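See below for the structure under consideration.
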Amino acid sequence: MAGELKQVACNKMFGGLQKVFEHESLKCKCTMKFGVFLPEKAQEDEAKLPVLYYLSGLTCSEQNVVTKSGFQRYAAECNMIVVCPDTSPRGCNIEGEEDGWDFGTGAGFYVDATEDKWKTNYNMYSYITEELPALVNLNFPTDMERQGITGHSMGGHGAIICALKNPGLYKSVSAFSPICNPVDCPWGEKAFTGYLGADKESWKAYDSCHLVKSYNGPPLVILVDQGKADNFLERELKSDHLVKACQEAGVACIMRMQEGYDHSYYFIASFIGDHIQHHAKFMNV
């Protein structure tokens, strides 16, 4: 039944519980999984804790950040719930969904598809901003007024656009190695053509560098960590485009270029604590 959660994993970490659930999604018309870390304080009566959403990158599932980043230690210290969704619908039997690693399964790009072939299932934007938070807030002791969002690569793109498209929904936003200007990079061009069609004007609704131009919500401070040794930096990520767009729009962007770091979870694990603290600050933890 839609909305019912089925627990598929539970492990104790740093006094809290790292769990994985699955449910039948109304937005994606398939079974979706997500991880949720519940700090020890979440077990207390009347607890209402801040919640951080972490969006993963290409080829990933909810498991990558859960098992590789070590975020749970820092979330436990801050009494913060962390929710880690999957990156796409799965098993939808759409022709071509398994043909490549950068489109289809594991590569939902956090958009709502408009092309006929994909629009029934590939609605990750609405899933992340509407369906999943409703489920989380119904089933866990979250404070709906203290939500933050972060992510890596494709998920960093997703985090920033979700914050910019929904002023006030998230108190805080950050990203690791985000795809900053997807209308102007091969990964984005492939995904947006497939999911949104050939009209490039429509792509701008899911591009951080364009969305920030019209942002007029509560003040945001976008924290970005980017490795200087990232093989995808120049061709796909284009962090300098985001810095310029934010400067022109008057939106604060802290771009930290990290010497010697690549695109991997070794990089994320090195700075995930800083990001948790960033979100804790703006969520008044």
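The values are calculated or read from the model by the stated rules, or taken from the named source; none is laboratory data. Quantities reported herein were computed from a predicted structural model and do not represent experimental measurements. Cβ atoms come from the backbone with ideal geometry, glycine included; neighbour counts cover every protein chain shown. Each accessible area value is taken on the protein alone, full model and side chains, heavy atoms only, with ligands, DNA and RNA left out. Shrake-Rupley method; radii C 1.70, N 1.55, O 1.52, S 1.80 Å.
Within the range 80-106, residues that are at positive phi and modelled with pLDDT of 95 or more reach no partner that is of a type in the set (Lys, Arg) and buried (at least 23 other Cβ atoms within 10 Å of the Cβ) with beta carbons closer than 6 Å at six or more positions or on different chains.
Checked against (1) open to solvent by less than 20 Å² (accessible area, probe 1.4 Å); (2) touching a Pro at 6+ places or on another chain (Cβ under 7 Å); (3) touching a residue at least 60 places away in the same chain (Cβ under 8 Å), residue 48 meets all criteria but (1). For the range 83-110, the candidate set comprises residues that are in contact with a Pro (Cβ under 9 Å, 6 or more places away or on another chain) and among the β-branched types (Val, Ile, Thr); within that set, the residue that is nearest to residue 16 (Cα to Cα) is 83. In the set (1) free of Cβ contacts under 8 Å to residues at least 60 places away in the same chain; (2) polar (S, T, N, Q); (3) closer than 17 Å to residue 226 by Cβ, residue 166 fails one condition alone, (3).
To keep it simple, each residue is scored yes or no on (1) modelled with pLDDT of 95 or more; (2) polar (S, T, N, Q); (3) open to solvent by 10 Å² or more (accessible area, probe 1.4 Å).
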{"residue": "5", "(1), (2), (3)": "yes, no, yes"}
{"residue": "54", "(1), (2), (3)": "yes, no, no"}
{"residue": "57", "(1), (2), (3)": "yes, no, no"}
{"residue": "72", "(1), (2), (3)": "yes, yes, no"}
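Residues that are more than 14 Å from the chain's Cα centre (by Cα) number at least 1 in the following helices (runs of 4 or more DSSP H) confined to the range 145-226: 186-196, 200-203, 208-211. Note on the range 227-255: residues that are farther than 21 Å from residue 215 by Cβ, surrounded by fewer than 15 Cβ atoms within 10 Å (Cβ to Cβ) and either within 20 Å of the chain's Cα centre (by Cα) or among the charged types (D, E, K, R) (or both) amount to 3.
Residues that are within 10 Å of residue 227 (Cα to Cα) and not in a helix (DSSP H, G or I) within the range 237-281 comprise 256, 257, 258, 259, 260, 261, 262, 263, 264, listed in sequence order. Scanning the range 168-207 for residues that are in contact with a strand residue (DSSP E or B) (Cβ under 8 Å, 6 or more places away or on another chain) and open to solvent by 10 Å² or more (accessible area, probe 1.4 Å) yields 169, 170, 171, 190, 194. Looking at (1) crowded, with 19+ Cβ neighbours inside 10 Å; (2) of a type outside the set (Asp, Glu); (3) part of a strand (DSSP E or B), which one does residue 66 not meet, given that it meets all the others? Residue 66 satisfies all of (1) crowded, with 19+ Cβ neighbours inside 10 Å; (2) of a type outside the set (Asp, Glu); (3) part of a strand (DSSP E or B) except (3). Please specify each residue of the range 119-152 satisfying the condition of being touching a strand residue (DSSP E or B) at 6+ places or on another chain (Cβ under 7 Å) and among the small types (Gly, Ala, Ser). Matches in the range 119-152: 126, 148, 151.
Across the range 7-40, the number of residues qualifying as open to solvent by 70 Å² or more (accessible area, probe 1.4 Å), over 21 Å from residue 127 (Cα atoms) and outside any strand (DSSP E or B) comes to 2. Would a scan of the range 49-56 turn up a residue that is assigned to a loop (DSSP other than H, G, I, E, B) and over 19 Å from residue 173 (Cβ atoms)? No: the range 49-56 contains no residue that is assigned to a loop (DSSP other than H, G, I, E, B) and over 19 Å from residue 173 (Cβ atoms). Selection within the range 107-118: residues that are open to solvent by 20 Å² or more (accessible area, probe 1.4 Å) and in contact (Cβ under 8 Å) with a residue 12 or more places away in the chain. The member of this set that is nearest to the chain's Cα centre (by Cα) is 112. For first residues located in the range 208-222 and within 11 Å of residue 160 (Cβ to Cβ) and open to solvent by 30 Å² or more (accessible area, probe 1.4 Å), partners that are part of a loop (DSSP other than H, G, I, E, B) and not aromatic (Phe, Trp, Tyr) and lie 6+ apart or on another chain with Cβ distances below 8 Å form the pairs 215/167; 215/251. If the condition is being surrounded by fewer than 22 Cβ atoms within 10 Å (Cβ to Cβ) and either of a type in the set (Gly, Ala, Ser) or closer than 16 Å to residue 83 by Cβ (or both), then the range 96-105 contributes 96, 100.
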